[in-house]
């Protein structure tokens with residue numbers, strides 16, 4: 001039963017299964033075959049090659065449950081009493097049912113080596129799987145500048161969806177339902193960004209208090225599809241592939257959020273479920289950069305191999321189109337040192353011929369100050385642009401001028417151009433799973449996290465929110481009108497800025513979490529999307545659809561190259577900034593922090609990558625964040641004879657109010673807290 005050391009994992013072949021697992025601390029490794037009654041048969045893996053223990057077991061096949069036991073020095077982490085999940089398991093079954101049994105040291109003990117309690121029956125098991133499954137179809141391969149991301153939770157999106165069968169709500173098949181896919185297509189998004197769908201497990205703090213991890217940022221096995229979102233137990237791989245195929249058929253890409261920076265095992269006093277039992281020094285740093293109790297050492301060859309093998313599996317066999325890497329700064333800090341864009345794991349990902357063809361998105365920070373690296377990742381990574389989020393929030397709540405706002409509206413060239421990247425490298429967002437929803441951003445000034453059971457100590461206090469005059473729910477019509485208007489302003493700024501927009505699922509419907517900005521452990525109505533057709537949801541949805549249709553039809557509003565100040569065939573600059581009086585912004589104007597109004601002219605006659613552009617119209621965006629009305633002068637005739645109003649955040653669905661067409665140079669009164677979008681038109685009857 002020799003077999004081969006690579007690939008790692010459990011692979012059916014030759015009338016049996018070849019098992020291979022890495023452990024440099026082991027003196028012996030047993031694969032443990034577990035039957036339906038938790039009976040166990042242990043088989044030693046007698047061959048060791050390059051630190052990999054391997055062997056071919058005849059008579060074993062797909063569906064076999066198994067785990068590993070590692071024999072060796074206790075002080076180095078080996079403890080054969082603990083049954084370990086295969087780091088390369090493609091299916092995981094069960095959960096931690098007895099935390100004490102999973103601990104390598106007794107509760108309260110500071111001594112290593114500790115507990116001899118057998119964890120079999122109290123911890124998850126690995127399951128042998130066969131390759132293949134439902135066809136995931138051809139990848140849509142949406143051009144980067146056309147991409148619109150929709151961040152969602154697989155369970156939360158459809159748990160309350162009325163058109164999805166009850167047995168499919170909250171599952172992969174729920175997301176694949178025709179009504180859900182039709183909704184996404186009509187909304188205008190081109191990619192879903194799934195919160196973690198790799199097998200995860202409740203971390204120690206939750207296990208000790210009887211709570212559960214809903215978000216999934218607590219990984220157990222990076223190659224395994226999370227079983228909790230399967231409609232039929234044990235069928236998660238097939239259902240996931242079915243979901244991917246259905247989305248691909250609709251032209252929608254699938255991006256997976258991958259947590260490659262820590263595991264569910266927590267700190268040194270946490271359970272031994274997988275990595276800690278095989279080789280803790282090969283997997284973990286001596287320190288914590290994540291705030292989650294442990295940090296994977298992304299400079300370790302063992303970790304580099306695991307993460308890249310996992311990404312290749314999801315991209316190759318499961319058909320996904322890209323990855324968002326959680327706390328990605330950790331991936332660039334080998335050994336826990338300073339961030340290096342050429343760190344081993346980042347280099348391995350960007351130079352891999354398969355992964356380089358997928359969309360790669362970094363969350364460019366970790367739990368430390370050193371880890372904040374917005375703009376610092378190498379090509380071809382895109383990045384969640386936290387500076388866009390903060391700047392747009394500050395502008396619309398009336399506490400910031402327009403200088404940095406202009407940079408964010410124009411694609412953040414200050415962050416991404418120096419590294420040779422393009423505007424779509426900026427993942428623009430104003431809300432995400434972590435923080436307030438859009439409705440809560442304009443309804444609460446403080447977090448309300450009591451339901452999380454952590455005494456209100458969890459979640460950020462840096463919300464940059466404004467409640468429009470009342471904290472939380474209210475019947476005051478003036479407050480409600482302000483909130484609706486501000487929601488539209490934030491959405492319009494997000495979806496019309498240069499870069500790649502990311503919309504948080506439910507924001508287009510006014511979804512609320514009751515002011516909770518960190519409901520990571522709440523698997524209930526707090527976190528599930530509300531699909532009821534209330535008037536506010538209907539009008540905001542219509543507004544968002546109008547916005548995304550406008551963006552899709554106007555190449556100038558989704559530039560594939562940075563603005564350069566170049567003169568176009570119109571004889572104007574490709575980008576011009578205006579004061580409210582219709583004059584060009586001066587240096588003093590940019591430094592005036594009291595300014596709350598900005599005009600943005602975008603010349604559409606010289607949009608780069610013309611083969612993809614069928615529209616050369618030019619646009620004028622006016623953003624006024626002041627609470628009161630102001631007088632604004634439209635640009636002069638060199639920018640267009642007339643300006644046609646295409647979007648007005650002062651109306652519930654964004655439909656333009658009268659008059660729709662105004663002459664160049666017209667002075668007009670703009671209400672407080674308003675964003676207007678004009679299209680420049682020529683002086684001919686057909687364009688009026």
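We did not get these values from a lab; they are worked out from the coordinates using the rules stated. On a predicted model such as this, the values are computed, not experimentally measured, just so you know. Because the Cβ atoms are built from the backbone with ideal geometry, glycine has one as well, and the counts that use them run over all protein chains shown.
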To the nearest 10 degrees, how steeply does helix 477-496 sit against the main Cα axis of the chain, on a 0 to 90 scale? 80 degrees
Please list log₁₀ I(q)/I(0) at q = 0.12, 0.16, 0.21 Å⁻¹ for the stretch 124-196, using the Debye equation with identical point scatterers on the alpha-carbon positions. -0.43, -0.73, -1.06
Gain on full stretching of the segment that runs from residue 209 to residue 249 - 0.36 nm per residue minus C-alpha separation: 10.1 nm
Could I get the Rg over Rh figure for the stretch 562-687? Both from C-alpha atoms, Rh via Kirkwood, rounded to two places. 0.96
So, with points 7 Å from each Cα along the Cβ direction, the residue 338-residue 669 label distance in nm works out to 5.8 nm
Correct option for log10 I(q)/I(0) by the Debye sum over Cα atoms at q = 0.07, 0.08, 0.10 Å⁻¹ [calculated from the coordinates] among (1) -0.49, -0.63, -0.94; (2) -0.55, -0.70, -0.98; (3) -0.60, -0.77, -1.12: (1)
With each pseudo-label sitting 7 Å past Cα toward Cβ, what's the residue 116-residue 475 distance in nm, one decimal? 6.9 nm
Yeah, the stretch 9-127 with a ≥ b ≥ c from its alpha-carbon gyration tensor (a/c under 1.5 is rounded, else prolate when a/b outruns b/c, oblate otherwise) is oblate
Neighbour-count order for 252, 427, 237, fewest beta carbons within 10 angstrom listed first: 252, 237, 427
Can you give the calculated 222 nm mean residue ellipticity of the chain, where each DSSP H run of n ≥ 4 adds -39,500 (n - 2.57) and the sum is split over every residue, rounded to the nearest 500 deg cm²/dmol? -6000 deg cm²/dmol
For residue 367, project a label point 7 Å along Cα to C-beta. Then give me every residue of the stretch 304-348 with its amide nitrogen under 18 Å of that point. 326-339
Given a Förster distance of 30 angstrom, what is the FRET efficiency for residue 71 paired with residue 13, based on the Cβ-Cβ distance and rounded to 0.05? 0.70
Hey, fewest Cβ within 10 Å first, where do 300, 497 land in order? 300, 497
Relative contact order for the stretch 9-127, counting Cα pairs under 8 Å that sit 6 or more residues apart, in percent: 25 percent
What spacing in nm lies between the two simple spin-label points modelled at residue 163 and residue 530, each 7 Å away from Cα in the Cβ direction? 2.1 nm
Ranking 253, 471, 445 by Cβ neighbours within 10 Å, fewest first, what do you get? 471, 445, 253
Please give the residues of the stretch 494-509, grouped as numeric ranges, whose backbone N is less than 18 Å from a label point set 7 Å along the Cα-to-Cβ vector of residue 186. 505-509
Percent of beta bridges antiparallel (DSSP, the chain, rounded to nearest 5): 75 percent
Cα-based helix-to-principal-axis angle, 386-396 vs the chain, degrees rounded to 10: 40 degrees
Using 1/(1 + (r/R0)^6) with R0 = 51 angstrom and r between the beta carbons of residue 450 and residue 130, what's the FRET efficiency to the nearest 0.05? 0.60
Report, to two decimal places, the Cα Rg of the stretch 448-503 normalised by 2.2 N^0.38 Å (N = number of residues). 1.47
Does anyone have the angle between helix 236-249 and the longest principal axis of the chain? Alpha-carbon axes, 0 to 90°, nearest 10? 30 degrees
On a C-alpha basis, how far is the centre of the stretch 635-671 from the centre of the stretch 449-467 in Å? Whole number, if you could? 40 Å
Using Cα pairs closer than 8 Å and at least 6 residues apart in sequence, work out the relative contact order for the chain, in percent. 10 percent
Whole-angstrom gap from the stretch 519-597 to the stretch 274-293, using each part's C-alpha centre: 42 Å
Between residue 27 and residue 564, what length comes free when the chain is fully extended (0.36 nm per residue of separation minus the Cα-Cα distance, one decimal in nm)? 187.1 nm
